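**Q** Next up is a structure, given as structure tokens.
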Amino acid sequence: MENEEEIRKSILSTLYLDNFTAEGEKNLEEMRIKLGVEPTKFNNLVDKMSYEGLIKAWTAGYNYIIQANGILIAEEESIPPDDIVAKNRRIRTVALDRLANVFAVHGGFADLDVMKIAEEMGISEREVFDNLQLLEDIGYVEHVAASLFKITFKGLDAVQEWQKKVSLSEMLEEITGLPHQVRGIKFQTLMREVLVRDGWQSEESVKTEHEEMDIIFSKGREYYLVECKWQKGSIEARIVRELFGKVSNRVGVHGVLFSWSGFTSGAIQQGRDYASQKIIIFFGPKDIEALIKEGKIFDDMLNSKYKAYVTRTQVEFS
């Protein structure tokens, strides 16, 4: 194996499994021999991963363990087996939820025994403890004594963010089952909630003498007019032209189109045609799911699409 990225993934996968199961191993020299990698190349990569905070030396004899950052990155990149990652995430979610409930009822000094969480979930105490150790490393919980843990204020913030994401996902599922006549209004409200979640100021259903906008959102002096569409068919060029007309009447304002039904090729070309005058950013159904179900940050997606529009006149959406 000569590809550095593949070697990196193998190291993260093996150390992840060693941390949470009995399937991995700590000795990286044994791993190097199995992979058939030249020593200098392998050792340089190990040093780099240690510097990045992904792994760290544990004992003499080239034994290493994975660090919290390495665990989170491995899960984000889907490196370990999906079933193990899903189980660990579930354990952490339940543990934080239970610790937050204990805090709400008994206050900041209240703690919870690992054994109670393990019994509730029907798993071993070791599995709970390993995941709570990760949560402690990232500052979400505090190890009080023996098998007792309590939640931190950072952990409480994380629980609140998780609850918001669950709430938004439930709203999306609800909208899917609604009649066509009311779906659009509910969808507009949902997207406004996403924007507010990510720190934008927002006004909904803004009217002037001549027109109406679904949403106007801003951050500082940055303003966008937003149209939210949930139709049977893909958004056509006419909708893009209408939004362009609205933003053209305002200095320093651009447009965003959220469409659950995607866009026609004509709509995409129309967006490209306006690139020299106004920017209109497209968000398709997969983009919207990423914002709601995966908790992606709107600003990050907006910036990526904006850059593609400005530098390559490319309308990006999924």
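The values are calculated or read from the model by the stated rules, or taken from the named source; none is laboratory data. These figures come from a predicted structure and were not determined experimentally. Glycine also receives a Cβ, built like all others from the backbone with ideal geometry; neighbour counts cover every protein chain displayed.
**Q** I'd like the full set of residues that are surrounded by fewer than 16 Cβ atoms within 10 Å (Cβ to Cβ), assigned to a helix (DSSP H, G or I) and in contact with a helix residue (DSSP H, G or I) (Cβ under 8 Å, 6 or more places away or on another chain), limited to the range 97-124.
**A** Matches in the range 97-124: Asp97, Met115, Lys116, Glu120.
**Q** Can you say whether Asp130 is of a type in the set (Asp, Glu), touching a residue at least 40 places away in the same chain (Cβ under 8 Å) and assigned by TED's automatic domain parsing to the domain that holds Leu291, as far as the supplied structure shows?
**A** Criteria not met by Asp130.
**Q** State all residues of the range 220-273 that are crowded, with 21+ Cβ neighbours inside 10 Å, in a helix (DSSP H, G or I) and not hydrophobic (A, V, I, L, M, F, W, C); if no residue qualifies, say none.
**A** Answer for the range 220-273, where residues must be crowded, with 21+ Cβ neighbours inside 10 Å, in a helix (DSSP H, G or I) and not hydrophobic (A, V, I, L, M, F, W, C): Gln270, Gly271.
**Q** What residue, among those in the range 24-39 that are part of a loop (DSSP other than H, G, I, E, B) and closer than 13 Å to Gly61 by Cα, is modelled with the lowest pLDDT?
**A** Of the residues in the range 24-39, the ones part of a loop (DSSP other than H, G, I, E, B) are 24-26, 36-38.
Filter once more, keeping what is closer than 13 Å to Gly61 by Cα: 25-26.
Numbers: Glu25: 83, Lys26: 90.
So the residue we want is Glu25.
**Q** Restricting attention to the range 1-44, report how many residues are of a type in the set (Ser, Thr, Tyr) and free of Cβ contacts under 8 Å to residues at least 40 places away in the same chain. Let's see the steps before the verdict.
**A** If we filter the range 1-44 for residues that are of a type in the set (Ser, Thr, Tyr), which is where we start, we get 10, 13-14, 16, 21, 40.
Next cut, free of Cβ contacts under 8 Å to residues at least 40 places away in the same chain only: 10, 14, 40.
Selection size over the range 1-44: 3.
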